[in-house]
Amino acid sequence: MNVITLAILGLRFLDVIDILLVAVMLYALYNFLRGTAAINIFFGIVAIFLLWKVVDALNMKLLREILGAFVSVGFIALLVVFQPEIRKFLLMLGTPSFIHNKKNGKFLFWRMNFSTTEMSTIDTLVESCRLLSQEKIGALMIITRKNGLRQYLITGETINADLTTPLIHSIFFKNSPLHDGAVIISGNKIQGARCILPVSENNSIPSGLGLRHRAAAGVTEVSDALAIIVSEEKGTLSLCENGVIDYNLDAAQLKQRLIVLLEVQEI
């Protein structure tokens, strides 16, 4: 498309840039919301906006006024409807490593790593999961990275104790008063137990999975935390990041995934 063609169509070069930027933004929003309940709302809003533009171009005054009034208050409605998605986006945007080049460690921001996780911590986590899996004791462990989870810590019981396999086992033992809910771990410390987490509404999660898996997906959708799930029914291990669950991991696979995701140097 050359300058003459643009002139015939009545478009400026900046108009073309404007259209391309909007297209990229809509595509990014689609990818961000894909697989969630909000995607249908997104399509509905886009359809109403396009209809409003068509009605305006055809000078249909009554419909234009009705749709215009709807669009004018749409921004407030978006803040309410998309509150979880907006919160997740702002959390990602505020993370120092949100924009970086994984190959050389920098792009717009210097890559910063606030994780204090050590190899001994991963070994303890994996051994705890192996033991719980053998005994088919259900468990949900949340590992913080750069985003704090204070809003969920206050829903449970404060522990603030060193991470050990016997302590993890005693917390999730079926007769323990703390076995319901999640354990939140930061570095080598168990910060809290019996914590209540948001439940994911992602329709792609198999219906056969219980609330532990949905809670794991939910908390990792709104933060950069990792979630380890031990199935009470089958004793299988799963790891969740960004709302995506890796199912049926063995202890060795879980360890390798944690080493990579927590950026721990193997000794």
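The values are calculated or read from the model by the stated rules, or taken from the named source; none is laboratory data. Model, not experiment: these values are computed from the prediction. Using ideal geometry, Cβ is built from the backbone for each residue, glycine included, and neighbour counts are taken over all protein chains shown.
Brief remarks on what is shown
- In segment 132-166, the residues that are surrounded by fewer than 17 Cβ atoms within 10 Å (Cβ to Cβ), assigned to a helix (DSSP H, G or I) and touching a residue at least 12 places away in the same chain (Cβ under 8 Å): Gln134
- Among (1) in a helix (DSSP H, G or I); (2) over 18 Å from Leu239 (Cα atoms); (3) touching a residue at least 12 places away in the same chain (Cβ under 8 Å) - the single one Ser128 does not satisfy: (2)
For (1) farther than 18 Å from Ser128 by Cβ; (2) of a type in the set (Lys, Arg); (3) under 20 Å from the mean Cα position of the chain (by Cα), each residue gets a yes or a no:
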{"site": "Arg150", "(1), (2), (3)": "yes, yes, yes"}
{"site": "Ala161", "(1), (2), (3)": "no, no, no"}
{"site": "Ile171", "(1), (2), (3)": "no, no, no"}
{"site": "Leu178", "(1), (2), (3)": "no, no, no"}
{"site": "Asn188", "(1), (2), (3)": "no, no, no"}
{"site": "Val199", "(1), (2), (3)": "yes, no, yes"}
{"site": "Ser204", "(1), (2), (3)": "yes, no, yes"}
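- Residue check, Arg130 assigned by TED's automatic domain parsing to the domain that holds Arg257, under 25 Å from the mean Cα position of the chain (by Cα) and charged (D, E, K, R): no
- The sole residue among Ala225, Ala182, Ala193 that is within 16 Å of the chain's Cα centre (by Cα) and on the phi < 0 side of the Ramachandran plot is Ala225.
- Of all the residues in segment 174-190, those that are more than 19 Å from Ile137 (Cα to Cα) and either buried (at least 23 other Cβ atoms within 10 Å of the Cβ) or not polar (S, T, N, Q) (or both) number 2.
- Test: residue in segment 159-178 that is assigned by TED's automatic domain parsing to the domain that holds Asp123, within 30 Å of Asn40 (Cβ to Cβ), modelled with pLDDT under 95 and hydrophobic (A, V, I, L, M, F, W, C): no
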